[in-house]
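Visitor: Here it is: the structure, laid out below.
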Amino acid sequence: MPRRPIVIFAAVILLIAAGLAAFALMNRQLAGPGGSGTALVGGPFTLTDQDGRRVSEKNFIGKHMLVFFGFTYCPDICPTELQVMTAALDAMGPEGEKIQPVFITVDPARDTPAVMKAYVGNFSPRLMGLTGTPEEIAAVAKAFRVYYAKVPNESSPDSYLMDHSSIIYLMGPDGSFVKHFPFTTDVTKLTAELKEAVAASP
């Protein structure tokens, strides 16, 4: 076999292995120390919503939060996940009002409050978009165990993408982590699991 195909094949294998390792690590982090079920997800934060108001975790006490991290220039995963989230909440009927959907950007340089407002309005009037300084975004991403990194575009520096985790987080009315949903979760499954979580909530 020529050397170049061997090198490409080896690189692909390494990328797959790295992806599997990252997924396993994230699951261990979400499960908490020793798999005790005490998740290391969430915590205090202060960000800015799409209307320019400062928002913290305290604003959501008494409601579940359904949280997804992404960016408005995302070509596919982010709009897909936000559509799944909002469709599931709509399918829940009145019970869906007990859950606040939240979209937190990992691209604060471009995702200003005005940009976020225009973007979240495409999905649901209930969807809250949160942005902040790079330091604030880094802090909340760390609290939620979210990975993100800029992917430069040498031919068009302003058209860069962001690599990021694709997980939906459900937080309880007291701000504690309840569960997470992977990218493959569809509307039917998400609706059923959200109903179950709300019903089990005190």
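The values are calculated or read from the model by the stated rules, or taken from the named source; none is laboratory data. What you see is a predicted model; the values in this text were computed from it and never measured. Every residue, glycine among them, receives a Cβ derived from its backbone with ideal geometry; neighbour counts consider all protein chains shown.
Visitor: Pick out the one residue from SER124, SER166 that is over 19 Å from GLY96 (Cα atoms) and outside any helix (DSSP H, G or I).
Guide: None of the other options fit; the residue is SER166.
Visitor: Also, I was wondering about something else. Would you confirm whether any residue within the range 147-157 is closer than 22 Å to SER56 by Cα and in contact (Cβ under 8 Å) with a residue 40 or more places away in the chain? Before the answer, list the steps.
Guide: First, the residues of the range 147-157 that are closer than 22 Å to SER56 by Cα: 147-148.
Retained after the next criterion (residues that are in contact (Cβ under 8 Å) with a residue 40 or more places away in the chain): 147-148.
Looking for residues that are closer than 22 Å to SER56 by Cα and in contact (Cβ under 8 Å) with a residue 40 or more places away in the chain, one finds at least one in the range 147-157, hence yes.
Visitor: Of the conditions (1) within 17 Å of HIS64 (Cα to Cα); (2) among the basic types (Lys, Arg); (3) crowded, with 19+ Cβ neighbours inside 10 Å, ARG145 satisfies every one except a single condition; which number is it?
Guide: So ARG145 meets the others, but not (1).
Visitor: Let me ask you something else. Please go through the range 136-163 and give me each residue that is of a type in the set (Phe, Trp, Tyr) and part of a loop (DSSP other than H, G, I, E, B), ordered by number.
Guide: Residues of the range 136-163 of a type in the set (Phe, Trp, Tyr): 144, 147-148, 160.
Answer for the range 136-163, where residues must be of a type in the set (Phe, Trp, Tyr) and part of a loop (DSSP other than H, G, I, E, B): PHE144, TYR147, TYR160.
Visitor: Answer yes if at least one residue in the range 81-99 is over 26 Å from ARG53 (Cβ atoms) and among the β-branched types (Val, Ile, Thr), and no otherwise.
Guide: Yes, there is a match, as at least one residue in the range 81-99 is over 26 Å from ARG53 (Cβ atoms) and among the β-branched types (Val, Ile, Thr).
Visitor: Identify, from the list ASP174, ASP158, the residue that is among the charged types (D, E, K, R), in contact with a Lys or Arg (Cβ under 9 Å, 6 or more places away or on another chain) and under 25 Å from GLY52 (Cα atoms). Before you say what the answer is, go through the steps one by one.
Guide: Values: ASP174 fails: in contact with a Lys or Arg (Cβ under 9 Å, 6 or more places away or on another chain).
Among ASP174, ASP158, only ASP158 is among the charged types (D, E, K, R), in contact with a Lys or Arg (Cβ under 9 Å, 6 or more places away or on another chain) and under 25 Å from GLY52 (Cα atoms).
Visitor: Within the bounds of the range 180-189, is there any residue that is buried (at least 19 other Cβ atoms within 10 Å of the Cβ), within 13 Å of the chain's Cα centre (by Cα), in contact (Cβ under 8 Å) with a residue 40 or more places away in the chain and in a loop (DSSP other than H, G, I, E, B)?
Guide: As a first pass, look at the range 180-189 and keep what is buried (at least 19 other Cβ atoms within 10 Å of the Cβ): 180-181.
Adding the requirement that they be within 13 Å of the chain's Cα centre (by Cα) leaves 180-181.
Keeping just the survivors that are in contact (Cβ under 8 Å) with a residue 40 or more places away in the chain gives 180.
Keeping just the survivors that are in a loop (DSSP other than H, G, I, E, B) gives none.
Scanning the range 180-189 turns up no residue that is buried (at least 19 other Cβ atoms within 10 Å of the Cβ), within 13 Å of the chain's Cα centre (by Cα), in contact (Cβ under 8 Å) with a residue 40 or more places away in the chain and in a loop (DSSP other than H, G, I, E, B).
Visitor: Just name the residue that is farthest from ILE168 (Cα to Cα) out of those in the range 91-119 that are touching a Gly at 6+ places or on another chain (Cβ under 6 Å) and in a helix (DSSP H, G or I).
Guide: Among those that are touching a Gly at 6+ places or on another chain (Cβ under 6 Å) and in a helix (DSSP H, G or I), it is PRO113.
Visitor: Let me ask something additional. In this structure, is VAL140 of a type outside the set (Phe, Trp, Tyr) and closer than 30 Å to GLU97 by Cα? Walk me through how you get there before you give the answer.
Guide: Working: of a type outside the set (Phe, Trp, Tyr): yes; closer than 30 Å to GLU97 by Cα: yes.
Judged against the criteria, VAL140 is a match.
Visitor: Mind counting the residues in the range 120-157 that are touching a Gly at 6+ places or on another chain (Cβ under 6 Å) and either on the phi > 0 side of the Ramachandran plot or modelled with pLDDT under 95 (or both)?
Guide: Looking only at that region, the number is 0.
Visitor: I would also like to ask the following. Return a yes/no flag: does the range 73-90 have any residue that is of a type in the set (D, E, K, R), part of a helix (DSSP H, G or I), surrounded by fewer than 20 Cβ atoms within 10 Å (Cβ to Cβ) and at pLDDT 95 or above. Walk me through it before giving the result.
Guide: If we filter the range 73-90 for residues that are of a type in the set (D, E, K, R), which is where we start, we get 76, 81, 90.
Adding the requirement that they be part of a helix (DSSP H, G or I) leaves 81, 90.
Checking the rest, the ones that are also surrounded by fewer than 20 Cβ atoms within 10 Å (Cβ to Cβ) come to 90.
Retained after the next criterion (residues that are at pLDDT 95 or above): 90.
Yes: one or more hits.
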